Amino acid sequence: MKAIHTKSIIIGIATIVCLSCAPSTKETKANTSLSFDETHYEEATLKTPFGEEIRFRAYTGLYYVENVEDSAYQFLNVFVPEGATQQTPIFMRNYVGGYMAAAPRFPDMNDATGRALQEGYVVVIPGVRGRNSTVTNEQGETVYTGKAPKAILDLKAAVRYLRLFDDKMPGDAEKIITDGTSAGGAMSALQGATADDPMYDSLLKEMGTAPTSDKVFASVCYCPIIDLDHADAAYEWLYGNTSHQQRQSLYMESWVSIHLREEFVKYIDSLNLQKPNGEPLTSENYLGYIEELLIASAQKAKDSGADIPDSIGFSFSSTAGFAAPVNGQIPGMNNSRENPTIGEQQHRQPNFVNRRRQQGDAIIALDMKKYLEYVASTQPLKPCPAFDNLGVVGKTGTGENDLFGDASGSKANFTDFALRMATGDSNAEIDSITKRNVTMMNPMPFIHKGNANIAPHWYIRHGARDRDTAFPIPINLATKLENDGYDVNFELPWNRPHSGDYALNDLFEWIKEITK
Ligand code: DHB
């Protein structure tokens, strides 16, 4: 195959070099026909930290819709490592953060894209419009192009494009693994849960997406900020009682917090979830379930040598764990005599010094109140309410309020409760367009048993001290999927704050397993 652009580029370990990957002007252009020319690529090299060179072909600036509203974002880049075939899985990473726009990039050794390329996967990095992306219209006015639900529409369009050209492009569009962190994790979850749902059809059609499916094979979600319509309630239910109460210094804030906690109880019970052992997961036992998951997380870390302090709420077993003899010796004993007497053998128990050291191998309980105080001490909690607070007790709104605004750049409430608080009208309701947008940005209502278009495989992580959204939000996602029969790999990794693309050995082992 002959490359039209034979320019060779080397991308350093940490730098992101974007040559012709981003059209420089922002404009709207209707009726760009979808195309892919397999002979049009650049050759590039990525250096691993060990100096190994990964050679790949870079296909950049591929518009994925016919009616490009925002030419700075609505295209994707495809990176094909040497040796990739039509059967190679595709790793599709979005760089959405804070629900803001993300331009397409080149692969980076500092995140999962570099690793994916190193593992031989085809890497796709789509641009995505976000709550801050704008174009200037013919009248010279600024138009916001990426308010909800535009980001997920762009990602669906990108998948459809890959499927349209699957026969021409290296990589298997039936094996797309999406990846994102935080708001990007939410996007990945939406790609996995909402594929081909008719709710998005008319909007996708207007954009001129390829007339194909937007189904993906696996969804990797690091700390997904999802279920925004219930996130405030979950946050107050979990953290409302902690002593970090600067966030509830006003009487009205406490009232709001208590109201939201009650809302969450009803919500949890409406989900009809089950724990992995089949027991119903209800508002009654939910805190205990979080405790179980956090203990499992801390235990795993402890077993790998981490020091888990009891000061943050853990209790440990009082008896020593079984200590295996080292080279046939009995730990803590004087093993010097080769042929001990029966009496000596009977007394060859681990000595007390050693026993004390062995004590507490098993974590048996967690004082959740103490632990939540600890989480809040590592990073101040979000205010009350945490997500939809525009006009609520004097608050001026969050990134999420910005997300649900309109093309003029406005902010908007997205829950009836906050709208009522903000307007003082106890019957106020979110308008139907906002309601639709809120639904289209939430994977939860789309997850149904037996829905063939939901990604069959899920990898979900939320750090054990990530306070950007409350633990029940990712737990509900993982549990609902698992209850409905999907393959879910879920953990609350120990001591992790809000972050993504970590433990890549674990992630890529999993990817290897599901794609083999
Ligand atoms: C992100 C973090 C948040 O706390 C939030 O509310 C939304 C998005 C982010 O990092 O993408």
**Study point:** Hits among lysines - C-alpha to C-alpha of Lys175 under 18 Å, sequence gap 8 or more where chains match
**Key:** Lys156, Lys215, Lys512, Lys516
**Study point:** Shape category assigned to segment 35-166 from the gyration tensor of Cα positions, a/c cut at 1.5
**Key:** prolate
Revision key, fill the gap. For Lys215, the net charge from surrounding residues (Cβ-Cβ under 9 Å; K, R +1; D, E -1) works out to -2
Practice item. Could you please report the charge total around Thr398, scoring K, R as +1 and D, E as -1 over all other residues with beta-carbon less than 9 angstrom from its beta-carbon? Key: 0
Review point. Straight-line reach from Lys449: which aspartates and glutamates have Cα under 17 Å away, leaving out those fewer than 8 places along the same chain?
Key: Asp196, Asp197, Glu482, Asp484, Asp487
**Study point:** Point-to-point label distance, Glu66-Lys300, nm (Cα→Cβ direction, 7 Å offset)
**Key:** 4.6 nm
Exercise for review: Calculate how steeply helix 251-271 sits against the longest principal axis of the alpha-carbon atoms of the chain, using the helix alpha-carbon long axis, and give the answer as 0 to 90 degrees to the nearest 10.
Suggested key: 90 degrees
Point to revise | Average projected area [Cα convex hull, the chain], square nanometres | key: 29.7 nm²
Practice item. Mind giving me the FRET efficiency for Ser33 and Asn505? R0 is 51 Å, r the Cβ-Cβ distance, nearest 0.05 is fine. Key: 0.75
**Study point:** Estimated D of segment 24-101 in µm² per second, where Rh is the Kirkwood radius over Cα pairs and Stokes-Einstein applies at 37 °C, 0.692 mPa s
**Key:** 222 µm²/s
Practice item. Pop out the ³J(HN,Hα) list for segment 272-286 in order, Karplus 6.51 cos²θ - 1.76 cosθ + 1.60 with θ = phi - 60°, rounded to Hz; leave Gly and Pro as x. Key: 6, 7, 10, 6, x, 7, x, 5, x, 9, 10, 4, 5, 10, 5
Review point. Quick one: if you stick a label point 7 Å off each Cα along the C-beta vector at Glu429 and Leu271, how many nm between them?
Key: 2.5 nm
Study note, to complete from the structure: Probe 1.4 Å, heavy atoms of protein chains only: per residue, the accessible area of segment 369-511 in Å² is 36 Å²
Exercise for review: Would you mind getting me the FRET efficiency between Asn137 and Lys205? Use the beta-carbon distance for r and R0 = 22 Å, nearest 0.05.
Suggested key: 0.50
Exercise for review: For segment 422-428, just list the computed ³J(HN,Hα) in residue order, Karplus coefficients 6.51, -1.76 and 1.60, θ = phi - 60°, integers in Hz, with x standing in for Gly and Pro.
Suggested key: 6, 9, x, 9, 6, 10, 4
**Study point:** Sparse-neighbourhood loop sites, GluC sites (Glu not before Pro) in segment 83-174 - DSSP loop, at most 14 other Cβ within 10 angstrom
**Key:** Glu138, Glu141
Practice item. Subtract the Cα-Cα distance of Tyr251 and Lys369 from 0.36 nm times their separation in residues, and report this length gain in nm to one decimal. Key: 40.3 nm
Study note, to complete from the structure: To the nearest 10 degrees, the tilt of helix 472-483 (Cα long axis) against the first principal axis of the alpha carbons of the chain is 90 degrees
Practice item. For the chain, give the percent of accessible area contributed by carbon and sulfur heavy atoms, probe 1.4 Å, rounded to a whole number. Key: 50 percent
Review point. Relative to the first principal axis of the alpha-carbon coordinates of the chain, what is the inclination of helix 150-164, with its axis defined by its Cα atoms, in degrees from 0 to 90 and to the nearest 10?
Key: 80 degrees
Point to revise | Shape category assigned to segment 165-237 from the gyration tensor of Cα positions, a/c cut at 1.5 | key: oblate
Check your understanding: How big is D for segment 440-499, in µm² s⁻¹ as a whole number, if Stokes-Einstein is applied with the Kirkwood radius of its Cα pairs at 20 °C and 1.002 mPa s?
Key -> 175 µm²/s
Exercise for review: Please work out the average accessible area per residue across segment 128-267, using the 1.4 Å probe convention, and give it in Å².
Suggested key: 33 Å²
Check your understanding: What lysines could a cross-link reach from Lys369, if we take a straight Cα to Cα line under 30 Å and drop same-chain neighbours fewer than 8 places away?
Key -> Lys266, Lys275, Lys300, Lys302, Lys382, Lys395, Lys480
Study note, to complete from the structure: Volume per residue (Å³) of the convex hull spanned by the alpha carbons of segment 95-244 is 162 Å³
Check your understanding: Can you run phi through the Karplus equation (6.51, -1.76, 1.60; θ = phi - 60°) for segment 178-187 and list ³J(HN,Hα) in whole Hz, with x for Gly and Pro?
Key -> 8, 9, x, 10, 6, 4, x, x, 5, 5
Revision key, fill the gap. Summing +1 per Lys or Arg and -1 per Asp or Glu among the other residues with Cβ less than 15 Å from Tyr374's Cβ gives -1
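The values are calculated or read from the model by the stated rules, or taken from the named source; none is laboratory data. Note that the coordinates shown come from a computational prediction; the quantities given were computed from them, not determined experimentally. In this analysis, Cβ positions are derived from the backbone assuming ideal geometry, glycine residues included, and neighbour counts consider all displayed protein chains. Protein only, heavy atoms only, side chains kept; ligands, DNA and RNA dropped before computing areas. Shrake-Rupley method; radii C 1.70, N 1.55, O 1.52, S 1.80 Å.
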